[in-house]
Amino acid sequence: MAWRFGPSGIHGKGVFADRALDPRAALFRVHGDLVPWSRVSQRGYQVWRDWYVEPAARSPSRILNHACQPSCEVTARLDIRARRRIAPGEELTIDYASVVLWEPWRMACACGQEGCRGEVRAWGRSPEEVRARYPMPLFSFVERGRVPPGLPGPLREAAARAAGPPGARGRGSPGRRGAGTGTPPGPA
C-alpha cells in the first residue's frame, strides 16, 4: 500500500502518501456499488448520466479531499493515479470538478492552495483552464452517449443496462438533492 488515512488540514480525514510517488503511479481503484442519483451519498463518483459509483465504506476513494491543484486524478477506469510527483506524507487529493457532471452542483473550497478557485463547480460550469487539465475525465463518455469502457465488469454491465438503447444521451441529474449545492465525492 502506498497510502494511509490520517487527519486532514483540508477537511476531516484524508488519504496520505506513505512514500514518494511518481507521476502517473496507479494508487487504488474506486470500487463500490452503482447507484442512481436518488440514492447516492455526497461521496459518489458520477459515471453515467444519473448513475454514480458509491465507494465502499473502507475505500480510500470515499474520503479523498478536493484541492484546486490536486495531487491525483480519476481515470476512465476508475483508477486514482498521481498527477505529479507526490512527497511522502503529502495528502492525496482530486479535483471534484472532474467527477461531478450535474451542472447545478457547487461547493465552497477549503483547500487553501495558491490559486484556489474559492468555489468548485461541476465540470460543465468549471473554467476552461480547469477542464483543460483533465483531457479524458471519467464522464467524458457520458457526454458522447457511451458507457465508460474501463468500468470493472459488474459496474459496466449495470451501467449498460441503465444506459438504455445505444446512442441515448443525458447530462447529469436534473433533480439531485441539494438544489445545486452540497458536497461531492470525498469526506462529508
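The values are calculated or read from the model by the stated rules, or taken from the named source; none is laboratory data. All values reported here derive from a predicted model rather than from experimental measurement. No Cβ is skipped: glycine too gets one built from the backbone with ideal geometry, and neighbour counts run over all protein chains shown.
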**Study point:** Members of the stretch 82-94 found to be in contact with a Leu (Cβ under 8 Å, 6 or more places away or on another chain) and surrounded by fewer than 18 Cβ atoms within 10 Å (Cβ to Cβ), listed by number
**Key:** ARG85
Check your understanding: For VAL53, all conditions in the list (1) surrounded by 18 or more Cβ atoms within 10 Å (Cβ to Cβ); (2) modelled with pLDDT of 95 or more hold save one; what is the number of the exception?
Key -> (2)
Exercise for review: Return the only residue of SER71, SER59 being modelled with pLDDT of 95 or more, of a type outside the set (A, V, I, L, M, F, W, C) and surrounded by 15 or more Cβ atoms within 10 Å (Cβ to Cβ).
Suggested key: SER71
Practice item. Determine the pairs where a residue that is over 17 Å from ASP18 (Cα atoms), located within the stretch 88-108, has a partner that is among the β-branched types (Val, Ile, Thr) and part of a loop (DSSP other than H, G, I, E, B) with Cβ atoms under 8 Å apart, the partner being 6 or more residues away or on another chain. Key: TRP105/THR181; ARG106/THR181; MET107/THR181; MET107/THR183
**Study point:** strands (runs of 3 or more DSSP E) (entirely within the stretch 1-119) containing at least 1 residues that are under 20 Å from ARG133 (Cα atoms) and over 13 Å from the mean Cα position of the chain (by Cα)
**Key:** 26-29, 79-82, 91-94, 106-108
Review point. Within the bounds of the stretch 30-43, is there any residue that is closer than 17 Å to GLU91 by Cα, surrounded by fewer than 22 Cβ atoms within 10 Å (Cβ to Cβ) and of a type outside the set (A, V, I, L, M)?
Key: no
